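Right, one structure below, let's go through it.
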Amino acid sequence: CMDPRNFLDVKNIFMFERLNSGVALDSVGVETIIKGTFMEENVTDTDGSTLDFADTFVSVGEEKGINAYHLAARVRQEQGTGGKSSLISGAYKGYEGYFNYFNIGASGKNQEAVLKNGIETAVKNGWDTRLKSIQGGAVFLKDKYINVGQNTLYFQKFNVVYTGNNQLYLHQYMQNVDAARSEGLTMEKAHVDKSKPLVFDIP
């Protein structure tokens with residue numbers, strides 16, 4: 001999984017796509033990523049507004065300077081297609097009305113600790129709407145990973161670039177050793193028109 005030479009083909013290469021590149025992305029590509037998932041339908045957010053996931057990922061991506069396909073693929077990777085986690089239900093007991101779509105801070109020794117730490121992260125950051133959770137997650141990705149050099153799925157999993165605070169090799173976004181490849185395959189499907197310029201960082 002760590003050797004880039006194993007993934008230099010037209011599908012797997014997207015684990016090396018630069019996540020802050022200036023590629024023009026649209027809601028059609030995002031819709032490809034979220035098709036068949038809980039994000040395919042609009043939802044009413046806690047503030048009464050209607051949330052269209054595809055448009056939200058595009059607008060947040062443009063606002064924060066992040067690849068919108070990355071945002072959509074990351075939520076799909078973290079929440080699965082069914083979206084049944086209590087971290088995004090808004091109904092976690094004692095923490096109702098809070099959301100953590102990117103599972104930020106969701107770690108611990110057991111499932112109960114993982115969920116509680118994740119929802120407490122949402123409360124701490126004030127993510128009391130779905131939109132705020134997606135916006136906050138995007139800012140977290142940009143500030144903590146993309147802007148410190150971990151600007152591909154590969155680098156977010158295998159940190160061979162960020163040396164701040166002695167974090168080289170340690171500063172990984174997720175535990176899943178195959179996450180970069182599988183999430184990259186999701187992003188590849190969104191790039192229907194591969195004649196557009198694409199930027200890859202391959203170590």
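None of the figures in this text is laboratory data; all of them are computed from the coordinates on show. The shown structure was predicted, so the numbers you read here are calculated from the model rather than taken from an experiment. Note: ideal-geometry Cβ built from the backbone for every residue, glycine included; neighbour counts use all protein chains shown.
Mind jotting down the three principal axis lengths of region 5-51 based on Cα atoms? Whole angstrom, largest first.
The Cα atoms of region 5-51 stretch 48, 25, 18 Å along their principal axes.
On each of the three principal axes of the Cα atoms of the chain, give max minus min coordinate, whole Å, ordered largest first.
Taking the Cα atoms of the chain, the three principal extents are 47, 39, 26 Å.
With a ≥ b ≥ c the root eigenvalues of the C-alpha gyration tensor of region 150-203, is it rounded (a/c under 1.5), prolate (a/b larger than b/c) or oblate? Could the numbers behind the result be given before it?
Values: a/c = 3.89, a/b = 1.84, b/c = 2.11.
Oblate is the answer for region 150-203, as a/c is 1.5 or above yet b/c matches or exceeds a/b.
If only Cα atoms are counted, what is the Rg of region 106-180, and what is its Dmax, in Å?
Taking only Cα atoms of region 106-180, I get Rg and Dmax of 13.5, 35 Å.
Using r as the Cβ-Cβ distance of Asp3 and Thr81, and R0 as 35 Å, what FRET efficiency do you calculate, to the nearest 0.05? Show your work: numbers first, answer last.
Numbers: r = 29 Å, r/R0 = 0.84.
After rounding to 0.05, the efficiency reads 0.75.
Rounded to the nearest 500 deg cm²/dmol, what is the calculated helix-only ellipticity per residue at 222 nm for the chain, with -39500 (n - 2.57) per DSSP H run of length n ≥ 4?
Numbers: 7 runs with 79 residues, N = 203.
The helix-only estimate for the chain comes to -12000 deg cm²/dmol at 222 nm.
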